[in-house]
There are 2 protein chains.
Amino acid sequence: MSVITIERKVLEKNDAIAARNRQLFAEARLFAVNVVSSPGAGKTSLLEQTIHRLKGRVRVSVVEGDVQTDLDAQRVASYGAPVVQIVTNGGCHLEAPLVRDALGSLDLAQTDLLVIENVGNLVCPANYDLGEAMKVVVLSTTEGDDKPLKYPAMFRNASVLVVNKIDLLPYLPCDIGALIRNAHQINPALRVFQVSCTTGAGLDDWCSWLAAQVAAVRA
Amino acid sequence: MSVITIERKVLEKNDAIAARNRQLFAEARLFAVNVVSSPGAGKTSLLEQTIHRLKGRVRVSVVEGDVQTDLDAQRVASYGAPVVQIVTNGGCHLEAPLVRDALGSLDLAQTDLLVIENVGNLVCPANYDLGEAMKVVVLSTTEGDDKPLKYPAMFRNASVLVVNKIDLLPYLPCDIGALIRNAHQINPALRVFQVSCTTGAGLDDWCSWLAAQVAAVRA
């Protein structure tokens with residue numbers, strides 16, 4: 001029981017700092033998303049394609065979370081966006097204080113869209129508010145259509161589902177209709193985009209939607 | 001700091017019970033593996049194919065760990081193996097006491113190979129000993145060749161790497177040579193199998209190796 005108490009205190013402290021992050025984002029009039037997924041679902045590829053497509057229209061800054069290495073930050077930096085890498089050294093999720101510390105290295109006043117790429121983990125990041133406007137869960141078709149039922153917290157707490165790697169559907173047993181039905185069974189309000197970062201399919205819709213969210217925050 | 005202390009106590013208690021599980025497995029002369037991976041890497045598919053191929057030669061029992069649902073236990077049961085489902089209700093990994101409790105529903109004296117399928121999570125299960133002889137990490141080609149570097153603890157603590165979904169390599173940017181080099185950079189002793197649960201490629205080698213481990217324990 002003591003563990004549960006400690007855990008609750010950790011969450012309370014996290015939520016207080018997340019609220020301060022959210023206040024910072026509101027003052028800077030930026031739209032912040034917390035992008036979550038399993039390892040290898042394609043968060044970084046989606047981010048690369050998003051930065052590329054929004055160039056000249058939306059100023060994107062990035063906080064990269066990884067258990068180890070700065071490989072993802074290097075990838076994102078090569079697309080020209082300001083990026084800060086958080087290495088958790090074994091930690092399985094980002095917490096609000098880590099994000100707060102990372103923000104010191106970014107110019108929020110010059111940011112329209114802040115993308116926080118969480119650690120690849122479909123379980124633990126579900127429970128941690130970082131101050132984002134919404135969580136975006138990326139699920140790749142290769143993971144199978146049952147995943148929303150098996151990892152419900154993430155799909156319940158997210159506002160958007162990006163189904164990635166739709167170009168691989170011909171080679172997979174994945175039923176994308178069932179995948180989306182399963183996701184909506186957990187969270188009927190989930191907004192769904194179907195994309196392929198390899199072929200580019202669906203990315204214009206996703207980017208238009210993001211640009212509209214940014215415009216709404218800055219209006 | 002108090003969180004770290006509690007965490008250490010949790011791990012100490014876990015390890016004591018894991019040692020008792022290991023003793024039970026030794027007394028039953030069974031070979032126990034703890035199978036870990038990201039969500040959707042194909043742990044359950046590998047298990048189905050393994051049970052099917054070892055039928056009549058090796059008696060397999062299964063402990064299924066999932067955050068939610070008993071979908072995996074249903075799949076495994078349909079292949080004719082005794083199976084117990086542990087639903088963690090949001091918990092991100094299995095712990096030794098959960099496995100100990102599950103063992104009460106299995107006949108260890110009638111088991112040659114015990115497969116413990118962990119929760120789909122490439123981070124947290126790395127740190128928890130369940131009493132297994134070894135951890136087997138399953139990585140699918142769709143997750144990308146950089147994953148051993150980005151999630152090193154799992155690859156360091158595993159003895160075997162099963163690279164799954166090699167049938168999809170023609171459609172992916174994954175370099176399997178780089179994947180295996182990255183895995184061996186983290187853990188030079190890692191035994192590697194390349195398989196496809198869809199085409200059956202590599203599964204005979206994997207099953208022969210498993211059968212040899214079982215024979216060694218029962219010798």
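Observations
- Measuring max minus min along each principal axis, the C-alpha atoms of segment B:2-218 give extents of 50, 45, 34 Å (largest first).
- Remark: spin-label model distance B:Ile176-A:Ala219 equals 5.2 nm, labels positioned 7 Å along the Cα→Cβ axis.
- Helix-derived mean residue ellipticity, 222 nm - over chain B, DSSP H n ≥ 4, -39500 (n - 2.57), to 500: -12500 deg cm²/dmol
- Summing charges over neighbours of B:Asp205, with a neighbour being any other residue whose Cβ is under 12 Å away from its Cβ, gives +1 when K and R count +1 and D and E count -1.
- 7 Å along Cα→Cβ, label-point gaps from B:Leu24 to other copies, nm, shortest first: 4.8
- Nearby aspartates and glutamates by direct alpha-carbon distance to B:Lys55 (threshold 16 angstrom, same-chain neighbours under 8 apart not counted): B:Asp112, B:Asp204, B:Asp205
- Debye log10 I(q)/I(0) for segment A:121-188, one point scatterer per Cα, at q = 0.20, 0.21 Å⁻¹: -0.77, -0.83
- Paramagnetic reach from A:Arg57 in segment A:80-117 [backbone N under 16 Å; point 7 Å along Cα→Cβ]: A:112-114
- In this simple spin-label approximation, B:Asp101 and B:Thr199 carry label points 7 Å from Cα along the Cα→Cβ vector, and these lie 4.3 nm apart.
- Cα centroid separation, segment B:156-219 to segment A:30-48 (Å): 28
- Nearby lysines by direct alpha-carbon distance to A:Lys147 (threshold 19 angstrom, same-chain neighbours under 8 apart not counted): A:Lys43, A:Lys135, A:Lys165, B:Lys43, B:Lys165
- Cα-based Rg of the protein assembly as shown normalised by 2.2 N^0.38 Å, two decimals: 0.98
- Convex hull projection area averaged over all views, segment B:93-219, Cα basis, nm²: 8.5
- For segment A:149-200, the Kirkwood hydrodynamic radius comes to 11.6 Å, computed from all pairs of different C-alpha atoms.
- One equal scatterer on each Cα of segment A:1-99, no solvent, Debye formula: the resulting log10 I(q)/I(0) at q = 0.23 Å⁻¹ is -1.33.
- Of B:Ser196, B:Ser78, B:Ser37, the one that fluctuates the most in a GNM where chain B has Cα springs shorter than 10 Å: B:Ser78
- For segment B:78-127, the gyration tensor built on C-alpha atoms gives a prolate shape. Its axis ratio a/c (a ≥ b ≥ c) is at least 1.5, and a/b is the larger of a/b and b/c.
All of the numbers you see were taken from the coordinates with simple rules; none came from a lab. What you are looking at is a predicted structure, and each value in this text was computed from that prediction instead of being measured. Reconstructed Cβ throughout: ideal geometry from the backbone, glycine too, with neighbour counts over all protein chains shown.
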